[in-house]
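Engineer: I'd like to ask you about the structure that follows.
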Amino acid sequence: MDGSRPVPLRLWDPVVCITHWTVAVCVLLNFTVVSEHSELHEWLGYVALAMVVLRMIWGVVGARRARFSSFPPSLTAARDRARTMLSPGRHGHGEANRSHNPLGALMVYGLWGMLFAVAGTGILLENFGEASQIGEVAEEVHEVTANLLVLMAALHVGGVLLESRLSGINLIRQMTWSRRGKSGPV
Amino acid sequence: MGDTDSKARLRRRVYGLAAVLVLQSVCAVFFVGDAIRDLHFSGLSGHDVLEAAVAVALVSGIVFGAIEMRRTIEQAGRAEEAVTIASGALGTMIGEHFKHWQLTGAEANVAMLAIKGFEIAEIAEIRRTAASTVRAQLTRIYAKAGVTSRSQLVSLFIDDLLGGPLPGMEATEETSSAER
């Protein structure tokens, strides 16, 4: 019956949600069903790159929680976070629910870096062709980074599920710009 | 209420802006990608200068669109915050009244549910007690609050919330001019 519960109703804004899911779908399609040599593969790659570029712009000028300054990469903070997650005492809330948690933030930066690597080598490959020397190197790097990207995405999903379980907050629903948290009335 | 109306409008605006931003970004990346390919195949020409200008225009359009979007989101956030603060203030006020009337914990709980509009049977179900218990508790609550019915109980808070004289009821020119 405590009337004051000053939590924001939505965590992520539509730009974050749309870019997130578009990238997820593009990567998944390109990795699984779309043929590597098809035009669609390139198109999807460009769309994913566009979403990451938009997210970068949004990370500088966007809504407070989406800005890079809200989740600076920090190894020590991530380590602390991992420790509290694994300790039986569970994590104190409080700083949670503001932006990415330190551990998630590291993964986010890693995923973005990998997306740029995959997209960049993809564009090189498209422009120079597999026959050229640059194209050959690009192809190798493109494959390795694409596999790494999917591996990291899988880890990311695992981390989200684990964190949702431990904190009791459905992080997946938060990414859909729906009203979050427990329902309001008693 | 006009409040939910404006909130829905804000939300539509945010979605619309987001869609435009996404479209612009896709266009910008395709355009720049295409320009780079042209550069690769045919070398630098006067045409490229124009293309570079278009690219800059596209990207700055995205940046300004994003800034506009942030303003809209912050505006929507402030509107939601105001509602939260208002409901928080009402909750505090109700709690203070309960304390003043010296309601017991159970009575305060029942009173809150009654104010929220639950029927006696529903309150009994929520609190897992008999309806007769709830009825007895409500009677004690009304006695402590000095009212005879639930609607009187609710109107106590509405009265407090509205504060001074009702603008519509007192047709003095002072209040109506102060209103506008």
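The values are calculated or read from the model by the stated rules, or taken from the named source; none is laboratory data. Quick caveat: nothing in here was measured; it's all calculated off a predicted structure. Positions of Cβ are backbone-derived with ideal geometry, glycine not excepted, and every protein chain shown enters the neighbour counts. Note: areas computed on protein heavy atoms with side chains; ligands, DNA, RNA excluded. Shrake-Rupley method; radii C 1.70, N 1.55, O 1.52, S 1.80 Å.
Engineer: Within a Cβ distance under 15 Å of B:Phe118, other residues only, what is the Lys/Arg minus Asp/Glu net charge?
Structural biologist: Taking every other residue near B:Phe118 into account, the sum is +1.
Engineer: What would the Debye formula give as log10 I(q)/I(0) at q = 0.14 Å⁻¹ for the alpha-carbon point model of the range B:102-162, no solvent?
Structural biologist: -0.35
Engineer: Given points 7 Å out from each Cα along the Cα-Cβ axis, report the B:Glu80 to A:Glu39 separation in nanometres with one decimal.
Structural biologist: Label-label distance for B:Glu80 and A:Glu39, simple model: 4.2 nm.
Engineer: Something else about it: Just to make sure I understand: if all protein chains stay in place, what is the order of B:Lys144, B:Lys99 by accessible area at 1.4 Å, largest first?
Structural biologist: Result, largest first: B:Lys99, B:Lys144.
Engineer: What relative contact order, as a whole-number percentage, does chain B give when Cα pairs under 8 Å and 6 or more residues apart are counted?
Structural biologist: Computed value for chain B: 17 percent relative contact order.
Engineer: Order B:57-64, B:6-13 from most to least packed using the mean count of other Cβ atoms within 10 Å. If you can, show how the numbers build up before the last one.
Structural biologist: Details: B:57-64: 15.1, B:6-13: 13.5.
Peptide ranking by packing, descending: B:57-64, B:6-13.
Engineer: While we're here: Rounded to the nearest 0.05, what FRET efficiency do A:Phe116 and B:Arg12 give with R0 = 41 Å and r taken as the Cβ-Cβ distance? Could you check?
Structural biologist: The calculated FRET efficiency here is 0.80.
Engineer: How many angstrom lie between the C-alpha centres of the range B:1-69 and the range B:91-170?
Structural biologist: If you average the Cα positions of each part, the centres end up 55 Å apart.
Engineer: Within the set of other residues whose C-beta is less than 11 Å from the C-beta of A:Ala119, count the net charge using Lys and Arg as +1 and Asp and Glu as -1.
Structural biologist: Summing Lys and Arg as +1 and Asp and Glu as -1 gives -2.
Engineer: Still on this structure: Could you give the dipole magnitude of the range B:2-85 about its Cα centre, charging the beta-carbon of Lys and Arg +1 and that of Asp and Glu -1, in debye to the nearest 20?
Structural biologist: On the way: 9 positive and 10 negative charges, 68 e Å.
Dipole magnitude for the range B:2-85 comes out near 320 debye.
Engineer: What's the local net charge at B:Gln137, with K and R +1, D and E -1, over the other residues with C-beta under 11 Å away?
Structural biologist: +3
Engineer: Using a 10 Å cut-off on Cβ to Cβ distances, tally the other chain neighbours for every residue of B:55-68 and report the average as a whole number.
Structural biologist: Numbers: counts 0, 0, 0, 0, 2, 0, 0, 6, 4, 1, 4, 10, 4, 1.
Counting other chains' Cβ atoms within 10 Å and averaging over B:55-68 gives 2.
Engineer: Follow-up. Using the Karplus curve 6.51 cos²θ - 1.76 cosθ + 1.60 with θ = phi - 60°, work out ³J(HN,Hα) for each residue of the range B:22-37 in order, rounded to whole Hz, and write x for Gly and Pro.
Structural biologist: Result, ordered by residue: 4, 4, 4, 5, 4, 4, 4, 5, 4, 4, 5, x, 5, 5, 5, 5 Hz.
Engineer: Once both labels are modelled 7 Å past Cα along the beta-carbon direction, what's the A:Ser167-B:Glu119 spacing in nm?
Structural biologist: Here the answer is 4.0 nm between the modelled labels.
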